[in-house]
Amino acid sequence: MIQLKRHLASAEQIDVSRYQFVNMERVREAAGHLWPELRQRAFIASRSILERRIAEDDLIIQCESGYLVIFKALSGRQAQALTNKVRAELEEFFLGEAFINQLGVEAKSEQLSVEEFAATLASADVDEPRQARSVQTEPDQNKAFSLFFQPVWDQKREAVASYFVRAVSAEIDRPFQARATDLMLSDLKPDARCAVDMAVLEESVEALDELLRSGSRCALIVPAGYTSLSNPRTRSQYVTALAALPTQLRQLIWVQIKDAPADPPSNILDETLRILRAQSPKLFVHVRTDWPYWSRFEHAFVDAIGADFPERLSESDRLDIERLMASARRGDSLVYFNRIESWESFRAATQTNAHLFSGRAVGQLPHPAPPYRLSRARLLNAAL
């Protein structure tokens, strides 16, 4: 909430758009046991539409029955025009969904005093992101982070059943902002990286446990650094933590190895993968698209290999992706792409015949959610 407080402290008037979903109770009764999944789908689609339309410095706050958007620069007629445009897009999207098509959207833009906005926020039942956590990485240095959960869209099944855990920097504190900055960890030594990895694992398990206790479930793909996982001492700490998890939780925590060097020694890489496979039901490996050693994974029984999708796809990128796809086929591994930030990137990524996709184009949540169906047509329709 620090950035929100900064917003309030520097302004005499707050320009706010309110989007409230109406008829939610009627839809809940009609949908029955499908309601949790449908509700989550409505919120994910809505946030995705909002993120495409607002500026980088605007804030999005999810509430029990909709969203608040705080504008940094827009006001008056411009704010109202954008609010009306977003409302129309939301209603058009809802029309194509069973049960959800009964939802309506009430939207208005207004300028409030700080006191009026505080009262509005207090009555809005805000769904806050998970509280930031700080980890000491050096005697005089901490890494503060918050977790977000990015839906993983399965192209073949046209569904979401798992989430990439994304640790974002809390030092700039942007919990309500559409564009957050990833926590920078690649330069950390094994002990420091392990401390962060353990904290991210602990927070992820806590979020998953909350979902399980609510009667739902999903899988979380949790990042951990090659630096700490390839070191026998720090790897032992991480693997011990995985082994100590209750079976129901451990089966839904899938490890994603990140930040592997350009040319890791084969014996160390093989040993790291072998030990992790014993505790992680599925194993993901994340490197760059131009990583030259994809063949290292062809006999390593890795479930999925992937990379961040290039923001602008060049011919060189296409060749790198072809090599990645060919190597994955030989190793019987799935291919995934993270950081799909635009609809143009989403279209390009899905044309590669990769299997799994995540990024702002698919969505981002402050908490993991139950699995839900999501067709390619619905994703692309939301982009229009």
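Overview of results
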read-out	value
Neighbour-count order for Lys156, Lys189, fewest beta carbons within 10 angstrom listed first	Lys156, Lys189
Average Cα contact separation per residue, region 286-384, under 8 Å, 6 or more apart, as relative contact order %	25 percent
With at most 11 neighbouring Cβ atoms within 10 Å, loop GluC sites (Glu not before Pro) (DSSP) excluded, longest segment of the chain	65-384
Protection proxy ranking, peptides 238-248, 273-283, average beta carbon neighbours within 10 Å, highest first	273-283, 238-248
Glu64 paired with Thr247, simple spin-label distance in nm, labels 7 Å along Cα-to-beta-carbon	3.8 nm
Gln78/Leu319 FRET efficiency (R0 41 Å; Cβ-Cβ; nearest 0.05)	0.40
Gaussian network model of the chain, springs between alpha carbon atoms under 10 Å - residue of Val168, Val22, Val205 with greatest fluctuation	Val22
At R0 = 35 Å, FRET efficiency that the Cβ-Cβ distance of Arg274 and Ala144 yields, to 0.05	0.55
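No lab work stands behind these numbers, since they all come straight from the coordinates. Since we're looking at a predicted model, the values are computed, not measured. Methodologically, a virtual Cβ is constructed for each residue, glycine included, from the backbone with ideal geometry; neighbour enumeration extends over all protein chains shown.
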